[in-house]
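The values are calculated or read from the model by the stated rules, or taken from the named source; none is laboratory data. Note that the structure is a prediction, hence the values are computed from the model and not measured. Positions of Cβ are backbone-derived with ideal geometry, glycine not excepted, and every protein chain shown enters the neighbour counts. Note: areas computed on protein heavy atoms with side chains; ligands, DNA, RNA excluded. Shrake-Rupley method; radii C 1.70, N 1.55, O 1.52, S 1.80 Å.
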Protein chains: 2
Amino acid sequence: MSTEVPKRLTIYDLAKLAGSSPSTVSAVLNGTWQNRRISEKLAARILAVAADADYSVNMQARALRRERSGIIGMILPLYDNRYFSSIAQIFEAEARKRGLFAIVSCTNRDPQQEQAAAQMMIAHRVEKLICTGATDPDSIARMCHAQGVETINLDLPGRLAPSVISDNRNGAKALTTAILDRLEDRGNPQDPILFVGGRIEDHNTRERIAGFREALTARGLESPEENIMPCGYSGARAAPVLDAYLLKHKTLPSAIFVNSTITLEGIARWFNEQGHNMSEIVFGCFDWDPLAAVFNPHFLMVRQNVPVMIDRLFDLIDSPHAPSTALIEIQPEILGVQ
Amino acid sequence: MSTEVPKRLTIYDLAKLAGSSPSTVSAVLNGTWQNRRISEKLAARILAVAADADYSVNMQARALRRERSGIIGMILPLYDNRYFSSIAQIFEAEARKRGLFAIVSCTNRDPQQEQAAAQMMIAHRVEKLICTGATDPDSIARMCHAQGVETINLDLPGRLAPSVISDNRNGAKALTTAILDRLEDRGNPQDPILFVGGRIEDHNTRERIAGFREALTARGLESPEENIMPCGYSGARAAPVLDAYLLKHKTLPSAIFVNSTITLEGIARWFNEQGHNMSEIVFGCFDWDPLAAVFNPHFLMVRQNVPVMIDRLFDLIDSPHAPSTALIEIQPEILGVQ
DNA sequence: ACATAATGCACAACCGATTGCGCAATGCTG
DNA sequence: CAGCATTGCGCAATCGGTTGTGCATTATGT
């Protein structure tokens, strides 16, 4: 085994091997040799030598000279739910298709970590930075713009860069309507629906609450403040909300609008611990998880359309200078309605 | 908005601003100035100027000159299950703690994509490459070693680089034993257990089958070949297996050892479609998912110990030259036993 | 045969940080 | 006050590609 760095091959070595010059080797290897009037024959020879010697370009050197890194960055709250992990996966695949190298950093919904990650991305000279579900997208946008790096917001919108998000309001309205239909099927169309989870500071949660209310209003129903509990994204936050509801009303709500799968997990845990049966209640969840869906075929779930979101995202990336006010809303899908 | 690249600040600019030289600025900014006998006072001035001007080092230039990128790479089959996504997340956090920048690529269990991703990683001059669940870790290891890049295998072992994996055999044995205990509680300790999912070409699947058999043998039970169905990782593969079993035996097995959550999803779907009730059967799954667990408290699940695996992984990364034969097995946890 | 154009390729200056080395200024010793 | 050590810092080469420019050589036109 190599004891120390075994000096990798450079274009200078290849030039010697092929009896040519570094600049010619460079042009041949990066495909610009046609413009430089290199002969077919020499190009072939150089390519053969390079392949034979297992040459691999040094991207650092290339990026330094070209003043373009070929890297595109994304910051993300976390990987471990289906929505965000599929965002990461599809983003990466799409980036690769365009010859870009994607680097993704998790920032745990923490503004400090978001800033630090963005700094790192800037230091690595990413060509664009995608801020997914960022708690403070505008601060990041300011930082990046000061360094000449454009940003795009995904999932949560900002005011200083274009944004691609789900149509939260209409998605929530459709989900709530589906819940109301279920209640009607069960013969209690007037029963209260509890809204649980999310952060009221989030644009998305506010929009979902608005959609929730619109659906109720459309049926001539009330939406009392006390039934709307954006208690955060952690699963554990759901228990106190349910405890309080039960204490006050002596009975469970007939339906629950759950604002994320992580909240759903907390609610399910509470039902298990309390010995309640989830199938007595109509559940609608603004988020999708295949295992949750298959174990609860009666659940209503909203699946955000990640492939289309990423498509629109790359439209923005490709278009030179999208207006920072652009807000693109993608319709999600309601699963569980017959 | 900037029409074109707005020339970022370099150490040459800072040198002018601070009335000093580029080499001094460099030393001050990268912390090596003590060795270069720069005065406290000048260092402070330069730091102030840099902070004031929002300077950000160019990592490409640094990496080129230092001949170290500060980047560590990982290839991964996919993000979208809890096991792999937590690997990615914890790996990234640990890398960051060490001042390394983690880049992760999904390769969809496709040897071609694995090779291509490894090539990219090499071009970006990663300092090490972690091959997680690679279908062909040895080919990647050969490629990387030829370029002087060390690799480490995670989740699936290889013969050309050290490996950190779960103790699949003992984990499977413990899971099977737990299943047998459940069957005994239910009064049918001799009933057949079906093993479904995974690839027989995978080391892990083979070891799990071995552990499965050991547990049966320990109770004096048979493990007929026909009950062991490593039908792949896709969920859809489970249905034909279950169909065939049902056709032959006219009844469902009393217990199923499920080899992954994706297979579990396929099985659950089949049960729904066929109108069978999953609670009639004892389920053990070699994999863990919090939503699956909370919706099925009676499931036995194996949670692989990702934090410890990543810990050991970084032990290997930090140790100069681990023997390529090193195989570190981490004990997983059985969830669902009282 | 001579001027002109096209072809084929190499030279050398970069990109921005790092680092071995050396020089000037100051401090200290005798 | 000469002689030597120490302090403080800048010079210039370097990492490995990229690219504007220019110089031979060959082909074409008259």
* **Residue within region B:43-59 that is near DNA strand C (Cβ under 8 Å from one of its atoms), part of a helix (DSSP H, G or I), at pLDDT 95 or above and more than 30 Å from B:Val149 (Cβ to Cβ) present** => no
* Asked: Within region A:184-203, can one find any residue that is open to solvent by less than 10 Å² (accessible area, probe 1.4 Å) and in a helix (DSSP H, G or I)?
  -> no
* Asked: Of everything in region B:16-28 that's open to solvent by 50 Å² or more (accessible area, probe 1.4 Å) and more than 6 Å from DNA strand C (Cβ to nearest atom), which residue is nearest to the other protein chains (Cβ to nearest Cβ)?
  -> B:Leu17
* Asked: Is it true that some residue in region B:325-335 is under 29 Å from A:Ser234 (Cβ atoms) and assigned to a helix (DSSP H, G or I)?
  -> no
* Scope region A:309-323; condition touching a strand residue (DSSP E or B) at 6+ places or on another chain (Cβ under 9 Å) and surrounded by 16 or more Cβ atoms within 10 Å (Cβ to Cβ); matching residues -> A:Met309, A:Ile310, A:Arg312, A:Leu313, A:Leu316, A:Ile317, A:Ala322
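Please determine, by comparing only the residues of region A:60-69 that are outside any loop (DSSP other than H, G, I, E, B) and open to solvent by less than 30 Å² (accessible area, probe 1.4 Å), which one is farthest from B:Arg65 (Cα to Cα).
Among them, the one singled out is A:Ala63.
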* **Residue in region B:96-111 that is under 31 Å from the mean Cα position of the chain (by Cα), surrounded by fewer than 21 Cβ atoms within 10 Å (Cβ to Cβ), more than 10 Å from every other protein chain (Cβ to nearest Cβ) and part of a helix (DSSP H, G or I) present** => yes
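Among A:Ile72, A:Ile38, A:Ile11, A:Ile46, which is more than 27 Å from A:Arg96 (Cα to Cα) and surrounded by 15 or more Cβ atoms within 10 Å (Cβ to Cβ)?
Answer to the check: A:Ile38.
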* Asked: When you look at A:Asp54, is it facing chain B (nearest Cβ under 8 Å), of a type in the set (D, E, K, R), open to solvent by 40 Å² or more (accessible area, probe 1.4 Å) and out of contact with any Pro (no Cβ under 6 Å at 6 or more places or on another chain), yes or no?
  -> yes
* Asked: Which of the residues belonging to region B:154-197 are among the hydroxyl-bearing types (Ser, Thr, Tyr) and under 24 Å from B:Ala134 (Cβ atoms)?
  -> B:Ser163, B:Ser166
* Asked: Picking from B:Ala88, B:Ala63, B:Ala51, B:Ala93, which residue would you name as being out of contact with any His (no Cβ under 6 Å at 6 or more places or on another chain), away from DNA strand D (no atom under 16 Å from the Cβ) and under 30 Å from B:Leu17 (Cα atoms)?
  -> B:Ala51
* Considering (1) away from DNA strand D (no atom under 16 Å from the Cβ); (2) at pLDDT below 95, say which one A:Leu76 fails and leave the rest. => (2)
* **Complete set of residues in region B:66-86 that are more than 9 Å from chain A (Cβ to nearest Cβ) and more than 22 Å from A:Ala123 (Cβ to Cβ)** => B:Ile75, B:Leu76, B:Pro77, B:Tyr83
* Has region A:71-83 got any residue that is in contact (Cβ under 8 Å) with a residue 60 or more places away in the chain and in a helix (DSSP H, G or I)? -> yes
* Conditions: (1) surrounded by fewer than 18 Cβ atoms within 10 Å (Cβ to Cβ); (2) part of a helix (DSSP H, G or I). B:Ile87 meets all but one. Number of the miss? -> (1)
* If you check every pair at least six apart or on different chains, which have Cβ atoms under 8 Å apart with a residue in region B:35-47 that is within 15 Å of B:Ser23 (Cβ to Cβ) first and a residue that is among the basic types (Lys, Arg) second? -> none
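Quick check on my filter: what residues within region A:275-309 are without any contact (Cβ under 8 Å) to a residue 12 or more places away in the chain and out of contact with any Lys or Arg (no Cβ under 7 Å at 6 or more places or on another chain)?
A:Gly275, A:Asn277, A:Leu291, A:Phe295
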* Asked: Counting only residues that are open to solvent by 10 Å² or more (accessible area, probe 1.4 Å) and either more than 20 Å from B:Gly171 (Cβ to Cβ) or not hydrophobic (A, V, I, L, M, F, W, C) (or both), how many does region B:267-289 have?
  -> 11
* Asked: Restricting to region A:113-149, what's the tally of residues that are β-branched (Val, Ile, Thr), within 24 Å of A:Thr205 (Cβ to Cβ) and open to solvent by less than 10 Å² (accessible area, probe 1.4 Å)?
  -> 3
* Asked: What number of residues within region B:23-42 satisfy the criterion of being within 6 Å of DNA strand D (Cβ to nearest atom) and in a helix (DSSP H, G or I)?
  -> 3
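The rows are residues; the columns are (1) among the acidic types (Asp, Glu); (2) modelled with pLDDT of 95 or more; (3) more than 22 Å from A:Asp155 (Cα to Cα).
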position: A:Pro240; (1), (2), (3): no, yes, yes
position: A:Ala268; (1), (2), (3): no, yes, yes
position: A:Glu280; (1), (2), (3): yes, no, yes
position: A:Phe283; (1), (2), (3): no, yes, yes
position: A:Phe286; (1), (2), (3): no, yes, no
position: A:His298; (1), (2), (3): no, no, yes
* Could you list all residues from region B:145-170 that are within 14 Å of chain A (Cβ to nearest Cβ), touching a Lys or Arg at 6+ places or on another chain (Cβ under 9 Å) and not in a strand (DSSP E or B)? => B:Gln147, B:Gly148, B:Val149, B:Leu160
